[in-house]
Amino acid sequence: MALTEHLLDGDIHPIDLVESVAEYNEWDFDRIADDQIAMAVEGQWRTYSITLAWSSFDETLRLICSFEMEPPSEKQAVLFELLNDVNEKCWAGSFSFWTEQKMMIYKYGLVLTGGQIASAEQVDCLISTAVLSSEKFYPAFQLAVYGDKTPKEAIQVAIAEAFGRA
């Protein structure tokens with residue numbers, strides 16, 4: 001059954017829609033404010049903190065997917081070089097490292113100008129893409145920061161295709 005079938009017809013606030021998607025997927029969430037929701041989505045590598053906020057000023061649904069990362073200061077240059085390589089591979093969204101908070105961030109903004117309304121499937125895809133991108137590149141971040149791999153070596157883990165059969 002499609003996500004949309006679980007929602008009522010008519011205008012729905014983007015964060016109400018996100019809340020419905022979170023309930024449908026049985027994700028832990030907390031409605032922080034009328035225009036903001038936070039949730040935890042479990043991945044293979046870790047649980048990701050996801051916050052979505054609606055800005056009526058520029059009609060954008062903003063997503064931030066974060067996880068803690070504390071690279072040694074001498075590895076930050078390697079991490080930033082890897083971030084450039086990773087962001088070249090991301091067509092939707094981008095990663096950044098918030099040094100002060102020691103957080104890796106994946107961010108994306110869904111622009112809904114002119115009264116556009118997001119669908120439940122769009123919101124689900126937005127959240128899924130954030131988690132899948134984080135899962136895909138998490139090992140590369142770890143290898144570059146803690147495994148003494150160069151950014152070029154580390155990113156190969158994320159972009160290499162598996163061959164053979166299981």
Q: Sort out which residues of region 122-144 are surrounded by fewer than 22 Cβ atoms within 10 Å (Cβ to Cβ) and either in contact with a helix residue (DSSP H, G or I) (Cβ under 9 Å, 6 or more places away or on another chain) or of a type outside the set (Val, Ile, Thr) (or both), and write them in order of number.
A: Gln122, Asp124, Cys125, Ser128, Leu132, Glu135, Lys136, Tyr138, Pro139, Gln142, Leu143
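Taking the stated definitions as given, is Thr150 more than 15 Å from the chain's Cα centre (by Cα), hydroxyl-bearing (Ser, Thr, Tyr), farther than 21 Å from His13 by Cβ and open to solvent by 30 Å² or more (accessible area, probe 1.4 Å)? Steps first, please.
Working: more than 15 Å from the chain's Cα centre (by Cα): yes; hydroxyl-bearing (Ser, Thr, Tyr): yes; farther than 21 Å from His13 by Cβ: yes; open to solvent by 30 Å² or more (accessible area, probe 1.4 Å): yes.
In short, yes.
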Q. Which condition number does Leu82 fail, the rest of (1) modelled with pLDDT under 95; (2) buried (at least 18 other Cβ atoms within 10 Å of the Cβ); (3) over 30 Å from Asp16 (Cβ atoms) being met?
A. (1)
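Counting just the residues of region 45-67 that are in a loop (DSSP other than H, G, I, E, B), of a type outside the set (Gly, Ala, Ser) and out of contact with any helix residue (DSSP H, G or I) (no Cβ under 6 Å at 6 or more places or on another chain), which one comes out surrounded by the most Cβ atoms within 10 Å (Cβ to Cβ)? Don't jump to the end; show me each part of the working.
Going residue by residue through region 45-67, those that are in a loop (DSSP other than H, G, I, E, B) are 45-46, 56-59.
Adding the requirement that they be of a type outside the set (Gly, Ala, Ser) leaves 45-46, 57-59.
Next, only the ones that are out of contact with any helix residue (DSSP H, G or I) (no Cβ under 6 Å at 6 or more places or on another chain) stay: 46, 57-58.
On the way: Arg46: 12, Phe57: 6, Asp58: 10.
Applying the filter and picking the extreme gives Arg46.
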Q | Selection from region 94-118 of residues that are modelled with pLDDT under 95 and open to solvent by less than 20 Å² (accessible area, probe 1.4 Å) | A | Leu112, Ala118
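Consider Glu70 carefully, then state whether it is over 21 Å from Gly147 (Cα atoms) and open to solvent by 20 Å² or more (accessible area, probe 1.4 Å).
Details: over 21 Å from Gly147 (Cα atoms): no; open to solvent by 20 Å² or more (accessible area, probe 1.4 Å): yes.
No; evaluated as a whole, the condition is false for this residue.
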Q: Just give me the residues in region 93-141 being assigned to a loop (DSSP other than H, G, I, E, B) and within 25 Å of Glu153 (Cβ to Cβ), in sequence order.
A: Gly93, Thr99, Lys102
(Q) What are the pairs with Cβ atoms under 9 angstrom where one residue, in region 9-31, is under 14 Å from Thr51 (Cβ atoms) and open to solvent by 50 Å² or more (accessible area, probe 1.4 Å) and the other, located anywhere, is in a helix (DSSP H, G or I) and among the charged types (D, E, K, R)? Sequence gap at least six, or different chains. (A) Phe29/Glu19; Phe29/Glu23; Arg31/Glu19
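The values are calculated or read from the model by the stated rules, or taken from the named source; none is laboratory data. The structure displayed is predicted, hence computed values, not measured ones. Note that we place each Cβ from the backbone using ideal geometry, even for glycine, and neighbour counts take in every protein chain shown. Accessible surface areas use protein heavy atoms only, side chains included; no ligands, DNA or RNA. Shrake-Rupley method; radii C 1.70, N 1.55, O 1.52, S 1.80 Å.
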